[in-house]
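> Sharing a structure here in structure tokens format.
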Amino acid sequence: MLLGSGFQRLAQSGVYIKALACYTDAWVEWKKAVFIAKDPKIEPLAFRNAMSHFAEAVHVVTTDGPAGRRGVTISAVCSVSDNPATMLVCLNREHESNHIFIENKVFALNTLSFGHMALSEAFSGKGSLSQADRFALGEWQTLQTGAPVLADALASFDCRIIETHEVATHYVVYGRVTALKGGGDGQSLIYLDRSYHHVGG
């Protein structure tokens with residue numbers, strides 16, 4: 001079937017048409033049509049509002065080495081594989097100090113309990129504390145890489161960086177897990193709808 005000139009112009013302009021149609025010899029009735037821009041631009045605020053409905057565990061990711069010691073609160077984390085054990089974390093490139101992670105080539109991912117809310121706030125930048133003052137709020141140790149491991153974290157993953165990509169505003173960092181630590185008590189700290197919650201325990 002030939003499309004009318006109006007639909008041809010839409011197609012030529014890069015607009016895609018998804019439709020369910022009923023046909024007769026004389027007419028076409030469009031029951032449903034969805035028009036999608038070829039290169040849609042999603043507004044950052046709209047995207048963040050949608051993402052606020054994701055319930056995510058809260059972590060403090062840390063590093064230490066020749067470039068210095070640093071820790072930040074993050075939730076953009078996932079496991080990649082259990083064999084070999086590999087983790088992925090996302091770090092904002094707009095914070096220049098996050099390049100310390102890349103330079104040190106190691107990180108520890110510390111999963112927080114509900115009792116760590118103040119620690120989460122501090123490492124997210126609330127209160128404008130120095131890195132030294134933020135670390136002073138917890139008890140830390142090291143396992144394999146030298147990255148700071150929170151002593152009472154629900155779980156900690158000590159990683160060596162094996163790959164890094166720059167994607168939009170973030171570093172996407174893959175880490176090979178070299179050591180694990182668990183056994184922390186308490187309910188998991190969750191961030192949902194721009195506020196803290198707890199589950200489990």
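> In the stretch 95-118, how many residues are closer than 16 Å to T63 by Cα, modelled with pLDDT of 95 or more and more than 17 Å from the chain's Cα centre (by Cα)?
Initial filter on the stretch 95-118 (closer than 16 Å to T63 by Cα): 95-111.
Cutting the leftovers down to modelled with pLDDT of 95 or more gives us 97-111.
The next check asks that each one be more than 17 Å from the chain's Cα centre (by Cα); those that pass are 97, 100, 103-106.
The number of residues fulfilling the criteria is 6.
> Let me ask something else about it. Need pairs with beta-carbon distance below 8 Å; first residue within 17 Å of A108 (Cα to Cα) and outside the structural domain of G68 (by TED's automatic domain parsing) and within the stretch 124-143, second part of a loop (DSSP other than H, G, I, E, B) and not β-branched (V, I, T); sequence gap 6+ or separate chains.
none
> Where in the stretch 1-88 are there strands (runs of 3 or more DSSP E), lying wholly inside it, with at least 2 residues that are of a type in the set (V, I, T), modelled with pLDDT of 50 or more and within 30 Å of V106 (Cβ to Cβ)? Walk me through how you get there before you give the answer.
Values: elements: 16-23, 28-36, 59-63, 70-74, 77-82.
So the answer is 59-63, 70-74, 77-82.
> Right, another one. When you scan the stretch 156-174, how many residues do you find that are surrounded by 18 or more Cβ atoms within 10 Å (Cβ to Cβ) and under 16 Å from V72 (Cα atoms)? Before the answer, list the steps.
Let us first name the residues in the stretch 156-174 that are surrounded by 18 or more Cβ atoms within 10 Å (Cβ to Cβ), namely 156-159, 161, 171, 173.
Okay, now just the ones that are also under 16 Å from V72 (Cα atoms), so 156-159, 171, 173.
Of the residues in that region, 6 qualify.
> Kindly evaluate C90 against the criterion of being surrounded by 14 or more Cβ atoms within 10 Å (Cβ to Cβ), of a type outside the set (S, T, N, Q) and either closer than 26 Å to Q144 by Cα or without any contact (Cβ under 8 Å) to a residue 60 or more places away in the chain (or both).
Values: surrounded by 14 or more Cβ atoms within 10 Å (Cβ to Cβ): yes; of a type outside the set (S, T, N, Q): yes; either closer than 26 Å to Q144 by Cα or without any contact (Cβ under 8 Å) to a residue 60 or more places away in the chain (or both): yes.
It is true that C90 is surrounded by 14 or more Cβ atoms within 10 Å (Cβ to Cβ), of a type outside the set (S, T, N, Q) and either closer than 26 Å to Q144 by Cα or without any contact (Cβ under 8 Å) to a residue 60 or more places away in the chain (or both).
The values are calculated or read from the model by the stated rules, or taken from the named source; none is laboratory data. Since the structure is predicted, the reported quantities are computational estimates derived from the model, not experimental observations. Cβ: placed from backbone, ideal geometry, glycine included. Neighbour counts: every protein chain shown.
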